[in-house]
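Report on the structure given below.
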Amino acid sequence: MHQVASDYTVAERVSTRIPKPPRFERAAIEWPWWSAALPPAHELWPRTTGVAVSDHRTSWVRRMPSSKGGVFVKTYEYTTWRSRLRDFAKRTGPLSTPRTVREFDALCWLRANRIPAPTPLAALVWRVAGFVSRTTLVTSAWPGTAASEVLPSLAAAERIDAAVAIGRFVYRLHELGFRDRNLDLRNLLLLRTAAAWQVTKIDSPRFVLRPPSRDEDALSRADWQRLAPQLAVFGLDAVAREATSST
């Protein structure tokens, strides 16, 4: 009951080493339709591809337009054995699940539970001697903007409305059994519609599923303990928490 929804196919595993093509550890049913308008999968990952969204030393995100809509391409790179061994138990080892695959699965869960979210299209993994050397996630673009960018620009009343929407969204995730463990304003996307604020979540590689319940547990409390100080910067932590009691 709590397995991630199977709205994707897991491609046949093949041995890969750079510069050989990556392995598709996840591929959405929609991937062939989207890929027809994109460069070959193994050419999507470079920093020089698309429009820069974020840049870090070992990871980056690019937005890429296409005739079928925009996509986001996120890449994590482990170029040295030190970087591969540093986190081999969780992300890079032969038996571990790469971060992009976890993020793919989290988006599948959101969509299966009727929570609007980007469509996860593909999770590609390059390996060397079984260890992850590079991994890339491709998703459709979602029209929202990070809450960390939206909240500072809002008038007081709109800011409160957005905080209420965030609080109800987090409550709904927890009620359904989703524990994010990476709950930051920068990873919550807000979209203002005619009816109300719409909220979704991206970047959830550490998510855990629990049986649906309205009761709190250590992980749901930890989610709030992480998010509340970020909301408190805007004086919205109490507003968001109180919204859960009226859900």
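Things to note:
- Extending 7 Å from Cα along the Cβ direction at S213 and again at E175 yields two label points whose distance is 1.7 nm.
- For the chain, the relative contact order comes to 17 percent (Cα pairs under 8 Å, sequence separation of at least 6).
- Our compactness index for region 154-214, the C-alpha radius of gyration over the empirical 2.2 N^0.38 Å, is 1.19.
- FRET efficiency for the A228 to T193 pair, using the beta carbon distance and R₀ = 25 Å, is estimated at 0.45.
- In region 129-247, one over the average inverse separation of all distinct C-alpha pairs is 15.1 Å, which is the Kirkwood hydrodynamic radius.
- Proximal aspartates and glutamates relative to K201, as straight alpha-carbon distance under 14 Å, when same-chain residues fewer than 8 apart are discounted: E103, D105, D180, D184, D223
- Cα pair distances exceeding 17 angstrom across region 46-137, given as percent: 53 percent
- Prolate/oblate/rounded label for region 193-247 (Cα gyration tensor, a/c 1.5): rounded
- Dipole of region 105-247 computed with +1 at Lys/Arg Cβ and -1 at Asp/Glu Cβ about the Cα centre; of F234, F131, A117, farthest Cα towards the positive end is F131.
- Per-residue extension of 0.36 nm, minus the Cα-Cα distance of K68 and E30, leaves a gain of 12.5 nm for this segment.
- Highest mean packing first, where packing is the average number of other Cβ atoms within 10 Å per residue, the peptides 164-172, 144-152 line up as 164-172, 144-152.
- Sequence-distant aspartates and glutamates (8 or more away, or on other chains) whose Cα lies within less than 16 Å of K68: E30
- Share of alpha-carbon pairs per 10 Å distance bin for region 75-188, given as whole %: 12, 34, 30, 18, 5, 0
- Helical content of the chain, expressed as a calculated mean residue ellipticity at 222 nm, amounts to -9000 deg cm²/dmol (DSSP H runs of 4 or more residues, -39,500 (n - 2.57) each, divided by residue number, nearest 500).
- Space enclosed by the convex hull of the alpha-carbon atoms of the chain, per residue, Å³: 141 Å³
Laboratory data are not the source of any read-out in this text; all were calculated from the coordinates shown. For clarity, every value in this text was computed on a predicted model and none was experimentally measured. Neighbour counts are summed over all protein chains in view; Cβ atoms, including those assigned to glycine, are modelled from backbone coordinates with ideal geometry.
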